[in-house]
1. Provide the per-residue ³J(HN,Hα) series for the range B:24-33, in order, calculated from phi with Karplus coefficients 6.51, -1.76, 1.60 and θ = phi - 60°, each as a whole number of Hz, with x at glycine and proline positions.
2. Quick check: Cα centre of the range B:170-222 to Cα centre of the range A:51-92, how many Å?
3. From the gyration tensor of the Cα coordinates in chain A, what semi-axes in whole Å does the equivalent ellipsoid have, largest first, with each one equal to sqrt(5λ)?
4. Please compute how much accessible surface disappears when B pairs with A, both sides summed, using a 1.4 Å probe, and round it to the nearest 100 Å².
5. Taking 8 Å as the Cα distance limit and 6 or more residues as the minimum spacing, I'd like the relative contact order of chain A as a percentage.
6. For residue B:178, what is the net charge nearby, where nearby means another residue's Cβ is under 10 Å from its Cβ and Lys, Arg count +1, Asp, Glu -1?
7. Got a sec to turn the phi values of the range A:10-15 into Karplus ³J(HN,Hα) couplings, 6.51 cos²θ - 1.76 cosθ + 1.60 with θ = phi - 60°, whole Hz, x for Gly and Pro?
8. For Cα pairs less than 8 Å apart in space and 6+ apart in sequence, what is the mean separation divided by the residue count of chain B, i.e. the relative contact order in percent?
Amino acid sequence: MIKIKFYSLIRLHLGINEIQIEADKISIYDLLQIAEKQLDKLLLHLLINADYEIIPGTMILINGRNIFHLKKLDTIVQDGDVVSIFPPGGGG
Amino acid sequence: MNMFQRNVQFWGKEKQQKLSESSVLVAGVGGLGCLVAEGLTRAGIGKLILIDNGKVEISNLNRQILFDQTDFGKSKVKIAQRRLKAINPELEIEIFQVDIAEMKVKDLPLYDGIADCLDNFAARFYLEKLLSKQQFLVHGGVQNDFGQVTTIIPDKTQSLKEIYPGTHIPVSVSVIPQIVMLIGSLMIQEIINNLFDKPLLINSMLILELEDFSMFKVELKK
């Protein structure tokens, strides 16, 4: 089971705090596609642009580490992992 | 009796003394910076170093609590210095009206920690270069009606650059006063936690959302 937790604007858009997905050793991109189907709400376009890049200002963490430092959207997630997704507040 | 009597009643003389011997660099004297600087002053901090290149504009007044209608066009750090000294004349303040990217550690007086009250990530990545291993940085960010706070300590946590890679958010973000005051207050608490050697947001980011009064902690792994 992989847990995806949503925060801030994305949580409010989806109206849900987290979902669990029965999957093992799949890419974060494939996981998010499954999540979108399971939620039955548009999700991917909030996180990823048409060039298969993470939209600037979007944080996708796997077990507390930003996937930007891993293999980005090709990073593999596995059973027991926790994915956290949110846009940070940039202003001061 | 002195102005810190109610603080001492809560946390005791020893911690009040510790605060009076402590110094914090406040980077950015905008919404968060005004709140953090005033809160630390009222808590009894001994010394503040304020860095901001800006002048007061009318659009600042929804959230920048040290400024008013008489301050337009004036240096933010100079006005802030005057207001903070009026609250506590014994507070030591040094001001720098420059871009954070121009600052180097050798140009600055000593400080125990940094309050990251900046308004963009590029400047924040410069700021953390001013951090040494013995120091802490408390990061705050706000947008719309949500915001986040975390503590950065070299070798103990990820850096801001590691947490926020590739992040680009326009400088002029929408923001309402109440989230600035809440995130600023959480920053003050975590700065004081650090000064008392008990930080709570090491490898953990606190996210506050006003829309439904939610507060979450997101784990950040070193």
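The values are calculated or read from the model by the stated rules, or taken from the named source; none is laboratory data. Keep in mind that this is a model prediction, so the values were computed, not measured. For neighbour counting, all protein chains shown are included, and Cβ atoms are generated from backbone atoms with ideal geometry for every residue, glycine included. Each accessible area value is taken on the protein alone, full model and side chains, heavy atoms only, with ligands, DNA and RNA left out. Shrake-Rupley method; radii C 1.70, N 1.55, O 1.52, S 1.80 Å.
1. 9, 8, 9, 9, x, 10, x, x, 5, x
2. Centre-to-centre (Cα) distance: 20 Å.
3. Largest first, chain A gives 18, 16, 13 Å.
4. In total, chains B and A hide about 2400 Å² from solvent.
5. 42 percent
6. Summing Lys/Arg as +1 and Asp/Glu as -1 gives 0.
7. These are the phi-based 3J(HN,Hα) values: 6, 4, 5, 4, 7, x Hz.
8. 20 percent
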